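These notes are about the structure you will find just below.
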Amino acid sequence: MSEVVWVMTMQISDDGQYQWDGNEWVPIDSGGYQEQMPMSDVVPATSSGTYPWMDAGEVVTDEFSGILQYTASNPIIRIINSIFILFMSILGFKQKVKLIVTNQRIIMDIRNYSLYIFESGTDMVNVIHAETITTGFNSTLLIFKKRYISIDNMVIGTDRKFSQTALENAARNIGKVLK
């Protein structure tokens, strides 16, 4: 026989004037009760963007997708990391990332894949601080071209459809948001 345990969390309305007591909305500054519709009928606030986690008034300014890699300034670690990345890509392991820059925050939606097709995990990273934000362009053997944007030690090798100018504008927007 299973037992259901309810955990009560304090929930405050969007305008900050009411608190949910488990049955109805109660004004925070007085002891009286406010008549409110049941929780099942409450319509969530709509955001101005395309993601359900966005706040009202939050707008997506830049959005990029690509492959996530990590770097270091130590040349020995960079060589080991390059060999490791090559070995993992041959086996079909990779991390796809979507960088979403809004007017309020920076989010990295990371999807881990194994054996080329199986999604083995997801992470949603909220970037709150960055020492360095760089953009660049690499070319290997004149046929392998990659544009990238780097936030500290995380490098996002973007898809070809994103221009270098768009990456530079995104870096400026990220710098403004993280001030």
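A short reminder: the numbers here are calculations on the coordinates, not readings from a lab. Since the model is a prediction, treat every value here as computed from it, not as a measurement. Here the Cβ is made from the backbone with ideal geometry for all residues, glycine too, and neighbour counts use every protein chain on show.
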Tell me, I110, I100, I80, I128 in order of fewest to most beta-carbon neighbours within 10 Å?
-> I128, I80, I110, I100
On the formula 1/(1 + (r/R0)^6), with r taken between the Cβ atoms of V26 and R111 and R0 of 35 Å, the FRET efficiency rounded to 0.05 is 0.25
Please report the relative contact order for segment 60-177, taking Cα pairs under 8 Å with a sequence separation of at least 6, and give it as a percent rounded to a whole number.
-> 27 percent
Would you list V59, V155, V26 from fewest to most Cβ contacts within 10 Å?
-> V59, V26, V155
Part-to-part distance (alpha-carbon centres) for segment 97-112 and segment 143-179, which is given in Å = 12 Å
The Cα extents of segment 71-179 along the principal axes, largest first and rounded to whole Å, are 39, 32, 30
Linear extension gain, S139 paired with F84, 0.36 nm per residue minus alpha-carbon span | 17.8 nm
Treating cross-link reach as a plain straight distance, find the lysines whose alpha-carbon is under 19 Å from the alpha-carbon of K161, omitting any fewer than eight places away in the same chain.
-> K96, K98, K145, K146
